[in-house]
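Handing you a structure now.
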Amino acid sequence: MNYVIIGNSAAAVGCIEGIRKNDKESAITVISDEKHHTYSRPLISYLLYGKTDEERMKYRPDSFYKDNDVTPILGKKAVKIDTKNRKVMLDDGKAVPYDKLLVATGSRPFVPPMKGLDTVENKFTFMTLDDAKALDSVLTKDSRVLIVGAGLIGLKCAEGILDKIGSLTVIDLADRILPSILDETGSELVQKSIEEKGVEFMLGTSAAEFDGNKAKLTNGETVEFDVLVIAVGVRPNTELVKEAGGNVNKGIVTDRFCRTSLPGIYSAGDCTESHDITTDTDRILALLPNAYMQGETAGLHMTGTDKPYDKAIPMNAIGFFGYHMITAGSYDGEKTVYADGENYKMLVTKDNLLKGYIMIGDISRAGIYTKLIREQVPLDSIDFELVKEKPQLMAFSLADRKEQLGGVR
Amino acid sequence: MKRIFVNEEWCLGCHLCEYNCAFANTVSAGKSKANEMAKALKGKKIFPKIQVEENDGIYFAVSCRHCTDPLCVKGCIAGALSVKDGVIEIDQDKCVGCYTCVLSCPYGAIMPAEDGHVAQKCELCTRNSCGSPACVAGCPNNAIVFEER
């Protein structure tokens, strides 16, 4: 058997580790247009403020490819999948034959058409290690930086660079920050804490036009800057599968074993859609844990273990300047709110299930809430009043606790 | 593999396991004098990797279950969590303190470390001077045990 993986991040590593659980012998080839050893993309902001370095941000040890008998083809781009002859075509004209293929091509920054953007000298996106290094190379202690986008990527970028620059403004068309993971109260709390560190927000507005170092905003104001970072969103890299005739909606369509509609071809990670069990809808869940688990599911299935990936939920753990938040699930349902200044918690219930939660500040034991969502635990089977107060195993029945903590099967 | 198991019917909620855990990971751990633990921990807020839950006369201690299919390891964005000989270890040098593991752990058994910058978890005292779980060794009631089940 000949396994080929396009991509070299979490989904790819999950797939390799999944394959090697069952098959220690067959060849695995990894193709990536990035030259780097597998590294953690979400760590690029930590790299910029010195919490990690290029050595420590490797997602797996240096010996990973060797230990797992993987042949890496790095710095080459896969440009086409020839499904008829089962080959991946590379940008240097070479072909890599496969029996089973994982497409883990991830996503790319979305740069919307903006008038005058070509007149901006220092403009960056913030997704890859090379992006981060390029941005870092132009920053000085006097730089005025404008970040377009107050989502996860834009704000992590802000945290990463604030200490090394002069001033930082973040604009977003939305009227609040992090709308994809927080409710209004949460957005307000986190915005305030980030503002206290010296970041200026201009919300509910966007750049109507750029002219060199000036951005004219739709609200009539003008922002002058030296460096521009565009972080308005990402788009999945679905082209290889689409052009090969595979089913693609917003992301690549896969089944519970991460198979695409094309024979022998699997897909995992930010380029795919997942089935969000909290909303019962298919959507892109561009999250590292999701990517790993999809990749692992694919790797296991390629090698004969049918272990479905059917518990996907949106979830994020993130912090800005030491202020932490954990969120999961969806927020349509009955809300219970606990707030005491620094700390905020919101739980969402519907149909006897916990559907989602937000914890800001105190994030202790959040995983117990995540479990209730992921395992769709009926709330009338536990002491929900106890668990509402704080996440605790006490809320489960004695029999359950014996299983969880006593090794009773 | 041997794991820590809980016999909650024997737990008095004395929190000694928490103190033994906190002490096991201090510099003076391993010294045998009875008052060393008090010297090290007296008057300090402790950050144990095992935590006692209590409610209405019920007590039990919770620490990492060392799952065979660990969500924390799979979810770690930094590759800082790994499984070595069945023990889930954390490389705090790689950890950036995003707490995706806190989000992932169904037992609530991973927590921010004392400095608030990285996560910490029970490693069965395999990486401190104790060599086997200090919480279990110090439990007077067999409310936590270290064994194969």
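The values are calculated or read from the model by the stated rules, or taken from the named source; none is laboratory data. None of the values given here were measured: they were computed from a predicted structure. Don't worry about glycine lacking a Cβ; one is built from the backbone with ideal geometry, like all the others, and counts go over all protein chains shown.
From (1) outside any strand (DSSP E or B); (2) closer than 30 Å to B:Asp93 by Cα, pick out the condition that doesn't hold for A:Pro72.
It is condition (1) that A:Pro72 fails.
Still on this model: Please work out which one of (1) within 14 Å of chain B (Cβ to nearest Cβ); (2) within 18 Å of A:Glu17 (Cβ to Cβ); (3) touching a residue at least 60 places away in the same chain (Cβ under 8 Å) is the condition A:Lys58 fails and give its number.
Only one criterion in (1) within 14 Å of chain B (Cβ to nearest Cβ); (2) within 18 Å of A:Glu17 (Cβ to Cβ); (3) touching a residue at least 60 places away in the same chain (Cβ under 8 Å) is unmet by A:Lys58, namely (3).
Can you name the number of the only condition in (1) assigned by TED's automatic domain parsing to the domain that holds B:Gly13; (2) without any contact (Cβ under 8 Å) to a residue 12 or more places away in the chain that B:Lys84 fails?
The failed condition is (1).
Within region A:344-354, does at least one residue satisfy the condition of being within 12 Å of another protein chain (Cβ to nearest Cβ) and within 26 Å of B:Val52 (Cβ to Cβ)? If you could, list the steps in order and put the result at the bottom.
So the first thing to find is which residues in region A:344-354 are within 12 Å of another protein chain (Cβ to nearest Cβ), and the list is none.
No: zero hits.
Taking the conditions exactly as written (within 17 Å of the chain's Cα centre (by Cα), surrounded by 17 or more Cβ atoms within 10 Å (Cβ to Cβ), outside any helix (DSSP H, G or I) and more than 11 Å from chain A (Cβ to nearest Cβ)), does B:Lys45 satisfy them or not?
For B:Lys45, the condition - within 17 Å of the chain's Cα centre (by Cα), surrounded by 17 or more Cβ atoms within 10 Å (Cβ to Cβ), outside any helix (DSSP H, G or I) and more than 11 Å from chain A (Cβ to nearest Cβ) - is not met.
Out of all the residues in region B:58-81, which are without any contact (Cβ under 8 Å) to a residue 40 or more places away in the chain and in a loop (DSSP other than H, G, I, E, B)?
Those that are without any contact (Cβ under 8 Å) to a residue 40 or more places away in the chain and in a loop (DSSP other than H, G, I, E, B): B:Cys67, B:Thr68, B:Asp69, B:Pro70, B:Cys76, B:Ile77, B:Ala78, B:Gly79, B:Ala80.
Determine whether region A:328-340 contains at least one residue that is away from chain B (no Cβ under 13 Å), out of contact with any strand residue (DSSP E or B) (no Cβ under 9 Å at 6 or more places or on another chain) and either modelled with pLDDT of 95 or more or assigned to a loop (DSSP other than H, G, I, E, B) (or both).
Scanning region A:328-340, I find no residue that is away from chain B (no Cβ under 13 Å), out of contact with any strand residue (DSSP E or B) (no Cβ under 9 Å at 6 or more places or on another chain) and either modelled with pLDDT of 95 or more or assigned to a loop (DSSP other than H, G, I, E, B) (or both), so the answer is no.
Any residue in region A:154-167 that is in a loop (DSSP other than H, G, I, E, B), surrounded by fewer than 21 Cβ atoms within 10 Å (Cβ to Cβ) and not aliphatic (A, V, I, L, M)?
Checked region A:154-167: at least one residue is in a loop (DSSP other than H, G, I, E, B), surrounded by fewer than 21 Cβ atoms within 10 Å (Cβ to Cβ) and not aliphatic (A, V, I, L, M).
So in region A:105-143, with the set limited to residues that are among the charged types (D, E, K, R) and in a loop (DSSP other than H, G, I, E, B), which one is farthest from A:Pro42 (Cα to Cα)?
A:Lys115
I've got another one for you. If I filter region A:1-54 down to residues being within 20 Å of the chain's Cα centre (by Cα) and over 29 Å from B:Gln92 (Cβ atoms), which single residue comes out as surrounded by the fewest Cβ atoms within 10 Å (Cβ to Cβ)?
Applying the filter and picking the extreme gives A:Asp33.
Determine whether region A:342-355 contains at least one residue that is surrounded by 17 or more Cβ atoms within 10 Å (Cβ to Cβ) and either assigned to a helix (DSSP H, G or I) or in the same structural domain as A:Glu188 (by TED's automatic domain parsing) (or both).
Among the residues of region A:342-355, not one is surrounded by 17 or more Cβ atoms within 10 Å (Cβ to Cβ) and either assigned to a helix (DSSP H, G or I) or in the same structural domain as A:Glu188 (by TED's automatic domain parsing) (or both), which makes the answer no.
Does A:Gly245 satisfy being surrounded by fewer than 20 Cβ atoms within 10 Å (Cβ to Cβ), touching a residue at least 60 places away in the same chain (Cβ under 8 Å) and touching a helix residue (DSSP H, G or I) at 6+ places or on another chain (Cβ under 9 Å)?
no
If you don't mind, another one. Check whether at least one residue in region B:94-107 is surrounded by fewer than 18 Cβ atoms within 10 Å (Cβ to Cβ), out of contact with any Gly (no Cβ under 8 Å at 6 or more places or on another chain) and either free of Cβ contacts under 8 Å to residues at least 24 places away in the same chain or more than 21 Å from B:Val118 (Cβ to Cβ) (or both), and report yes or no.
Step one: of region B:94-107, the residues surrounded by fewer than 18 Cβ atoms within 10 Å (Cβ to Cβ) are none.
Taking every residue of region B:94-107 in turn, none turns out to be surrounded by fewer than 18 Cβ atoms within 10 Å (Cβ to Cβ), out of contact with any Gly (no Cβ under 8 Å at 6 or more places or on another chain) and either free of Cβ contacts under 8 Å to residues at least 24 places away in the same chain or more than 21 Å from B:Val118 (Cβ to Cβ) (or both).
Please state which of the following conditions B:Ala24 fails to meet, knowing it meets all the rest: (1) among the aliphatic types (A, V, I, L, M); (2) assigned by TED's automatic domain parsing to the domain that holds B:Cys135; (3) out of contact with any Cys (no Cβ under 8 Å at 6 or more places or on another chain).
It fails just one condition, (3).
Could you look through region B:82-94, keep only residues that are in a loop (DSSP other than H, G, I, E, B) and more than 9 Å from chain A (Cβ to nearest Cβ), and pick out the one that is farthest from A:Tyr309 (Cα to Cα)? I'd like the intermediate steps shown before the answer.
Here is the first cut: in region B:82-94, the residues in a loop (DSSP other than H, G, I, E, B) are B:85-86, B:91-94.
Checking which are more than 9 Å from chain A (Cβ to nearest Cβ) leaves us with B:85-86, B:92.
On the way: B:Asp85: 26, B:Gly86: 23, B:Gln92: 29 Å.
Filtering region B:82-94 for residues that are in a loop (DSSP other than H, G, I, E, B) and more than 9 Å from chain A (Cβ to nearest Cβ), the one farthest from A:Tyr309 (Cα to Cα) comes out as B:Gln92.
What tally of residues in region A:356-377 results from selecting those that are surrounded by fewer than 22 Cβ atoms within 10 Å (Cβ to Cβ), within 9 Å of another protein chain (Cβ to nearest Cβ), touching a strand residue (DSSP E or B) at 6+ places or on another chain (Cβ under 7 Å) and not hydroxyl-bearing (Ser, Thr, Tyr)?
0
Moving on. Please verify whether region A:334-346 includes one or more residues that are in contact with a Lys or Arg (Cβ under 8 Å, 6 or more places away or on another chain) and under 26 Å from B:Val62 (Cα atoms).
The answer is yes, given that some residue of region A:334-346 is in contact with a Lys or Arg (Cβ under 8 Å, 6 or more places away or on another chain) and under 26 Å from B:Val62 (Cα atoms).
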